[in-house]
Amino acid sequence: MLEFTIRRLSATIPVLIGILLIAFIVLYMIPGDPAQTIAGPRADAATLARISEEMGLNQPLYQRFSSYLSRIYHGNLGDSAVSGKPVLESVIEKLPYTLKLAAIAMTFSIVLGILAGIISAITQGRWLDRVCTVFSVTGISIPVFLSGLVFLYVFAVKFRWFPTSGFRADNTLMPFILPAFTLGIRSAAFLARIVRSSMIEVLNQDFIRTARAKGLSPARILFKHGLVNALIPVITVIGLDLSSYLNGSVIVETIFDLPGIGRFAMDAILQRDYPVIQGIVLLGALVFILVNLVVDLLYAWINPKIRDEMLGKTAR
Amino acid sequence: MKTFLRNLTFVGWLSFIGIILVFMVAIFAPILATNDPMETDPLRRLSQEEGFPLGCDQLGQCVYSRLIYGARLSLIIGFSARLSALFIGLAVGLAAGYAGGWLDWFLMRIVDMFLAFPSLLLAIAVSMVMGSGIKTVVFALAIVGWAEMARIIRSAALELRSAEYVIAARTLGASHLRIVLTHILPNCLPLITVIFTMGIATAVLSEASLSFLGLGVDPSLPTWGGMVASAKDYMLRRPELVAYPGLCIAFLVIVFNVFGDELRDILDPSRKGNW
């Protein structure tokens, strides 16, 4: 396990540095002079030179990158070009909304996805399986913005079960349900596919036949022996979902008017607030890497066989 | 090809016909469209005049004609984005998988980096840097999509590298390039076909999302994502204006997903049931 952990970490660190490099290059490539942006259009040459000097824009690129690295290391993601507030501060302020959204979405996703996957697996080839498959293909194929608008129209406008938009400070659960459902149903569709195929594979294994031969009840076989083993690949999918929620939240929070990270990103995009966009993209990538790291370690810890396989494969 | 068509299930046929249908619509758009999709008229705003089969949008443009031309844009962007992604993915994946060693390690770390970025946000950042346009969207989607392809092709190449016929060719003195091009690549083709087809669905969805957010191609161009975006402000009065382009996107994505699924079951049975 130690060897695995070290190997896995040694693959992560270069990726982290590479991501910072990409984010840095993208910011560097953005058209326009950052000193000009700060000084305003009517600044004279002397002011521009002074600001460039202060921001370190005159230094060679590698030096700017290293000072950028140390800045990030100290938790400074830069300041918003529009409000002047530190990006990290705004992100922390808005994070709870997106986390809450993601948590509810994930609950929907896990419950619906695993349920549909199991139903599909045990009724394999029959009509119930077909129904689940149709739902799952549809769920994967419908863009989030469309399902969001449809849910908004049907459940908020027509049935008036939910607030149409507008988030109030009382911070209840209601404004989150529809957007979370929109996000969750998409990942549930993915999950159902994985659970189905993984469950079918497990149910065809020898130990399931043994359990059946021992005369265990079908429910016990399904849940105690089948599901536990079938759920291992699901961990990976759930980890990947976390990252997809950040993408999804940009659209869903815009449609449902929630003040989370996605909305923050969208506002920054519309205002061309580059430091904010860069900060959010960077954070998204960091979260993805950390989540994947945890998932892989967890995976290897649960199943030593997979660990050995991965070690054999990573021994390049 | 013959065995392939014979193995196609009923659903597979339906999706195949669906794809052909969308292609036909895209190719014969000028014949099928009843009006100029870009012609605006404030007097026709949200009206349902004769000669406009599905009525007009908020700018007085013919909704039906825009839907027809939208198929064109979706397919052009989806295909070019995936082709570009495929070329990068093929080059990187084959090189990494066949060469192995430090090159494999290095290339795979680059792949990891690109996989780590939240794809939609990365595409947004790229299109902001480059300015809007079809080329930008294609480039952004290629940047987002190549890494996944590279990873899949790499693992296929890694397996084929130690196949007996590859070792035999090597012993006979074939060059590395020759082995990759004549032995490894042809054996990856079924896999490539599958991931390419499924990738079109993803690319179409991403393009629609970018257009929906107003970050895709020029908003006056008829894209389905852009049509949903502009129709959503009038959703209470004319909800069907959201539904038409939305259903078009869903249809296109579903047929490519189902067809790709079907292809995979036939060409690459070992991965059956997995996405």
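The values are calculated or read from the model by the stated rules, or taken from the named source; none is laboratory data. Computed from a prediction, not measured in an experiment: that's the story for all the values here. Glycine also receives a Cβ, built like all others from the backbone with ideal geometry; neighbour counts cover every protein chain displayed.
Could you tell me whether segment B:183-197 includes any residue that is among the aromatic types (Phe, Trp, Tyr) and either at pLDDT 90 or above or under 28 Å from B:LEU90 (Cα atoms) (or both)? Within segment B:183-197, one or more residues are among the aromatic types (Phe, Trp, Tyr) and either at pLDDT 90 or above or under 28 Å from B:LEU90 (Cα atoms) (or both).
If you go through segment B:260-271 and keep only what is under 19 Å from A:SER141 (Cα atoms) and either within 10 Å of chain A (Cβ to nearest Cβ) or at pLDDT 90 or above (or both), you end up with just B:ASP261. Here segment A:91-105 is the region considered, the condition is being crowded, with 17+ Cβ neighbours inside 10 Å and within 30 Å of A:GLY78 (Cβ to Cβ), and the residue that is nearest to the chain's Cα centre (by Cα) is A:ALA102. For B:LEU160, indicate whether it is without any contact (Cβ under 8 Å) to a residue 24 or more places away in the chain, part of a helix (DSSP H, G or I), hydrophobic (A, V, I, L, M, F, W, C) and over 19 Å from B:GLY214 (Cβ atoms). Spelling it out, it is not the case that B:LEU160 is without any contact (Cβ under 8 Å) to a residue 24 or more places away in the chain, part of a helix (DSSP H, G or I), hydrophobic (A, V, I, L, M, F, W, C) and over 19 Å from B:GLY214 (Cβ atoms). Evaluating A:VAL137 against the criteria (1) within 11 Å of another protein chain (Cβ to nearest Cβ); (2) on the phi > 0 side of the Ramachandran plot leaves one unmet condition, (2). The residues of segment B:135-166 that are of a type in the set (A, V, I, L, M, F, W, C), under 14 Å from the mean Cα position of the chain (by Cα) and away from chain A (no Cβ under 12 Å), listed by number, are B:VAL137, B:VAL138, B:PHE139, B:LEU141, B:ALA142, B:TRP146, B:MET149. Of all residues in segment A:13-25, those that are touching a residue at least 40 places away in the same chain (Cβ under 8 Å) and more than 7 Å from chain B (Cβ to nearest Cβ) have Cβ atoms under 6 Å from Cβ atoms of residues that are surrounded by 14 or more Cβ atoms within 10 Å (Cβ to Cβ) and assigned to a helix (DSSP H, G or I), 6 or more apart or on another chain, in A:ALA23/A:GLN278; A:ALA23/A:LEU282; A:PHE24/A:PHE65; A:PHE24/A:TYR68. Of the residues that sit in segment A:187-204 and are buried (at least 22 other Cβ atoms within 10 Å of the Cβ) and out of contact with any Asp or Glu (no Cβ under 9 Å at 6 or more places or on another chain), which one is farthest from A:LEU115 (Cα to Cα)? Among them, the one singled out is A:SER198. Checked against (1) farther than 19 Å from B:LEU191 by Cα; (2) in contact (Cβ under 8 Å) with a residue 40 or more places away in the chain, B:ALA142 passes all but condition (1).
Identification of helices (runs of 4 or more DSSP H) wholly contained in segment B:1-81 with 3 or more residues that are over 30 Å from B:PHE139 (Cα atoms) yields B:2-7, B:10-27.
Would you point out the residue of segment B:84-119, among those that are within 13 Å of another protein chain (Cβ to nearest Cβ) and either assigned to a loop (DSSP other than H, G, I, E, B) or among the polar types (S, T, N, Q) (or both), that is surrounded by the fewest Cβ atoms within 10 Å (Cβ to Cβ)? Give the derivation first.
Initial filter on segment B:84-119 (within 13 Å of another protein chain (Cβ to nearest Cβ)): B:96-119.
Filter again for either assigned to a loop (DSSP other than H, G, I, E, B) or among the polar types (S, T, N, Q) (or both), leaving B:100, B:117-119.
Working: B:GLY100: 16, B:PHE117: 26, B:PRO118: 27, B:SER119: 24.
Looking at residues that are within 13 Å of another protein chain (Cβ to nearest Cβ) and either assigned to a loop (DSSP other than H, G, I, E, B) or among the polar types (S, T, N, Q) (or both), I get B:GLY100.
Kindly indicate whether B:LEU122 is more than 10 Å from chain A (Cβ to nearest Cβ) and part of a helix (DSSP H, G or I). So B:LEU122 does not fit the description; no.
Conditions tested, residue by residue: (1) in contact with a Leu (Cβ under 8 Å, 6 or more places away or on another chain); (2) at pLDDT 80 or above.
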position: A:VAL228; (1), (2): no, no
position: A:GLY239; (1), (2): no, no
position: A:ASN247; (1), (2): yes, yes
position: A:ILE251; (1), (2): yes, yes
position: A:LEU258; (1), (2): yes, yes
position: A:PHE264; (1), (2): no, yes
position: A:LEU270; (1), (2): no, yes
position: A:LEU282; (1), (2): yes, yes
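Taking A:ARG126 as the residue in question, decide whether it is surrounded by fewer than 22 Cβ atoms within 10 Å (Cβ to Cβ), more than 24 Å from A:MET266 (Cα to Cα) and either away from chain B (no Cβ under 14 Å) or among the aromatic types (Phe, Trp, Tyr) (or both). When the stated conditions are applied, A:ARG126 passes them.
The combined condition, being assigned to a helix (DSSP H, G or I), within 11 Å of chain A (Cβ to nearest Cβ) and of a type outside the set (A, V, I, L, M, F, W, C), is not fulfilled by B:GLY214.
This table checks each residue for (1) farther than 30 Å from A:ALA23 by Cβ; (2) of a type in the set (A, V, I, L, M, F, W, C); (3) touching a residue at least 24 places away in the same chain (Cβ under 8 Å).
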| position | (1), (2), (3) |
| --- | --- |
| A:THR182 | no, no, yes |
| A:ARG196 | yes, no, yes |
| A:ARG209 | yes, no, no |
| A:LYS214 | yes, no, no |
| A:SER217 | yes, no, no |
| A:VAL234 | yes, yes, yes |
| A:LEU246 | no, yes, yes |
| A:VAL252 | no, yes, yes |
| A:ALA265 | no, yes, no |
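When restricted to residues that are surrounded by fewer than 14 Cβ atoms within 10 Å (Cβ to Cβ) and modelled with pLDDT under 70, segment A:37-53 contains 2.
Taking the conditions (1) in a helix (DSSP H, G or I); (2) more than 17 Å from A:LEU149 (Cβ to Cβ); (3) more than 11 Å from chain A (Cβ to nearest Cβ) in turn, B:PHE256 satisfies each one other than (3).
Only one of the numbered conditions (1) touching a Pro at 6+ places or on another chain (Cβ under 7 Å); (2) under 16 Å from B:LEU54 (Cα atoms); (3) among the small types (Gly, Ala, Ser) is not met by B:GLY246, and that is (1).
In segment B:214-230, the residue that is farthest from B:GLN61 (Cα to Cα) out of those that are surrounded by fewer than 23 Cβ atoms within 10 Å (Cβ to Cβ) and of a type outside the set (Gly, Ala, Ser) is B:ASP218. Pairs linking a residue in segment B:44-62 that is touching a residue at least 40 places away in the same chain (Cβ under 8 Å) and more than 13 Å from B:ARG237 (Cβ to Cβ) to a residue that is assigned to a helix (DSSP H, G or I) and of a type in the set (A, V, I, L, M), with Cβ atoms under 8 Å and 6 or more positions apart or on different chains, are B:LEU54/B:VAL63; B:LEU54/B:LEU67.
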